[in-house]
Amino acid sequence: MARKWFQLVGEDGNAVTSTDAVVVDIEDVDMLRHAVKEQLRDSHLAGIAASDLTVFANRAEYDAKRSVVLPHSWSPVTAYGNNGENALIVQVPKRAESDSRYFIQPNVQEQVEKAVFVIVEEDGERNGVGMGVFFSSTLAVTCDHNLTEQHTVGSMVSVALKEGIEVVEVVARSSQLDFAILKSSKPRSFFIPPWNGRPDELRGRYDLVLASYRLGIDEYQDVFKNQLGFAPVAGISISAHRRHIMYSCPTYAGDSGAALLLKDGFLVGIHLETINALREEMDRKKTIKDRLNDVEESLDNIARSGLAQGCSFGLLAHEFKDVVSE
C-alpha cells in the first residue's frame, strides 16, 4: 500500500493540520476523500461529508489562483501526493451555522479534550503540576515553570492525556518567554493547530476560550476532578512586542500551560499566570536585577495597567510554534 501525503486547509486557505499521510490503496479523488475523512472523522472533519471535500494537486498550484483542482470523484491522484513536499491539498468547506447554545461546539470540545494534557509529578501519586497542549502531530507546549531543573533538553517528562500516561521528550526550553516544547515519539491524530492571524486581531474578540482542569482547586472539586472545563475569554490587550495577550477569564493555580483557543478550534496561545502573580514576580526580578529586559518590561507594563486587575495573560502561539521542526 502506498502513502498519500495531504494537508487539510480551511476555506480561507489557512492550514488546519500539518502535512500527514494516509496509508491505503488510493487511485482517485473519491478514495482519497474517504480515507482522509476516516482518519480525521473524530476531529477536524466531524460533521463533514467526504463528498464535500475539495482536492487540489499541491500547495503551489493551490496558491496559484487555485487552478489545478481535481474536480471529479474519478480524477486520478496516482501522480500526486507522493511525498510531504508535494502533498495534496484537501479543502474543508465552511461549516454550517453553529449551535448558538454553545460558546464552543461539542465537536471542538472533543478535539481539545484529546489534545490537552496535565504535567504530572514523577512519583506514585502522579499529582498534576500544570497543563500543556499538542499543537502538531508530535509537538506540544507547556510553561517552562511547570518543569523542574532536572527536566533538561533531552530528558523525559510524564504527561496525563485522556487516553492515559505518556512519556515525552523535552526538546526546547525558554525561561525568558516561559515555554517548553515537548515531543512525542509517535504521531498523534488529535492536536490543535496554531492560529495564523495577526496578534492585533485578538484585541476585543469575544470568541476566545480557555480549556482548563482547574488543578489548583482539586481539593474543593472532587466531583469535577479530572474533568476538562471551558471558559469564555475576552481579549483585552496585546503587549508592545506582540508576544503576549491580556484577557479576562476565571483562572486557577495549576492552569499554567492551559490552551487558549478560538472557539472554532485554532490555538491562539497558552495561559501563563494571573496578573497579580505576574506583578509579584516582576517586583522580585526588579529587586534582584535592578532592571528588566525588554520582554519583562513589556509584561511589567501589562501587569501595572489600570485595566489589568483580575485579569490573566498568555503567550501567543507564534512565539513557540516554529521553534522546533517535527
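Quick notes
- Matching residues in segment 67-100 - criterion: being of a type in the set (Val, Ile, Thr) and either at pLDDT below 85 or within 19 Å of ILE26 (Cα to Cα) (or both): VAL68, VAL69, VAL77, THR78, ILE89, VAL90
- SER312 vs. criteria among the small types (Gly, Ala, Ser), closer than 27 Å to VAL120 by Cβ and either surrounded by 19 or more Cβ atoms within 10 Å (Cβ to Cβ) or at pLDDT 60 or above (or both): yes
- Enumeration of residues in segment 174-187 that are of a type in the set (D, E, K, R) and crowded, with 17+ Cβ neighbours inside 10 Å: ASP178
- Candidate set: segment 256-274, residues that are outside any strand (DSSP E or B) and either in contact with a Leu (Cβ under 7 Å, 6 or more places away or on another chain) or surrounded by fewer than 21 Cβ atoms within 10 Å (Cβ to Cβ) (or both); chosen: the one modelled with the lowest pLDDT: ASP264
- Residue in segment 210-220 that is in the same structural domain as SER325 (by TED's automatic domain parsing), in a loop (DSSP other than H, G, I, E, B) and buried (at least 19 other Cβ atoms within 10 Å of the Cβ) present: yes
- Of all the numbered requirements in (1) modelled with pLDDT of 85 or more; (2) surrounded by fewer than 17 Cβ atoms within 10 Å (Cβ to Cβ); (3) more than 26 Å from ASP264 (Cα to Cα), GLU113 misses one, and that requirement is (3).
The values are calculated or read from the model by the stated rules, or taken from the named source; none is laboratory data. The model shown is predicted, which means the values in this text are computed figures rather than measured ones. In this analysis, Cβ positions are derived from the backbone assuming ideal geometry, glycine residues included, and neighbour counts consider all displayed protein chains.
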